[in-house]
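**Student:** This structure is in structure tokens; I'll ask about it shortly.
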Amino acid sequence: FFESYPHLRLSDPRVVAIAYMMKQLDAALWMIDQEYEGKVETIDNRLRDAHVYIKIARVLGFLEEEKPK
């Protein structure tokens, strides 16, 4: 996936948060495809986690903008 973004810094905290979001989204899609509802990590839990990771990425973006240049 990341090969589509040749200049992406994988060490950027926003990229890390987005990668974790993608992992949760992938798991949710797999569970939906397989008609599998996890006992500990449900589809809804995965989607909530994805939602949180996007919020974290946004906060990190705001912090980046606030850094003195």
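The values are calculated or read from the model by the stated rules, or taken from the named source; none is laboratory data. Since we're looking at a predicted model, the values are computed, not measured. Here the Cβ is made from the backbone with ideal geometry for all residues, glycine too, and neighbour counts use every protein chain on show. When the accessible area is computed, the model is the full protein with side chains, heavy atoms only, and any ligands, DNA or RNA have been set aside. Shrake-Rupley method; radii C 1.70, N 1.55, O 1.52, S 1.80 Å.
**Student:** Roughly how much of residue 20 is accessible, in Å² to the nearest 10, using a 1.4 Å probe?
**Tutor:** 120 Å²
**Student:** Using r as the Cβ-Cβ distance of residue 9 and residue 48, and R0 as 30 Å, what FRET efficiency do you calculate, to the nearest 0.05?
**Tutor:** Rounded to the nearest 0.05, the efficiency is 0.65.
**Student:** Now for a separate question. Please calculate how many Å² of accessible area the chain carries per residue, with a 1.4 Å probe and no DNA, RNA or ligand atoms counted.
**Tutor:** 84 Å²
**Student:** Using a cut-off of 13 Å between beta-carbons, work out the net charge of the residues near residue 53 (Lys and Arg +1, Asp and Glu -1, residue 53 not included).
**Tutor:** So the environment of residue 53 carries a net charge of +4.
**Student:** Hey, another quick one. Charges only on Cβ, +1 for Lys and Arg, -1 for Asp and Glu: so what's the dipole of segment 1-40 about the Cα centre, in debye to the nearest 20?
**Tutor:** The calculation lands at about 260 debye.
**Student:** Given Cβ point charges of +1 (Lys, Arg) and -1 (Asp, Glu) and nothing else, what value in debye, to the nearest 20, does the dipole of the chain about its Cα centre take?
**Tutor:** 360 debye
**Student:** With all protein chains present, how much of the accessible area of the chain (probe radius 1.4 Å) comes from carbon and sulfur, to the nearest whole percent?
**Tutor:** Whole-percent figure for carbon plus sulfur exposure: 59.
**Student:** Relative to 2.2 N^0.38 Å, what does the C-alpha radius of gyration of the chain come to as a ratio? Two decimals please.
**Tutor:** Its radius of gyration relative to the 2.2 N^0.38 Å reference: 1.33.
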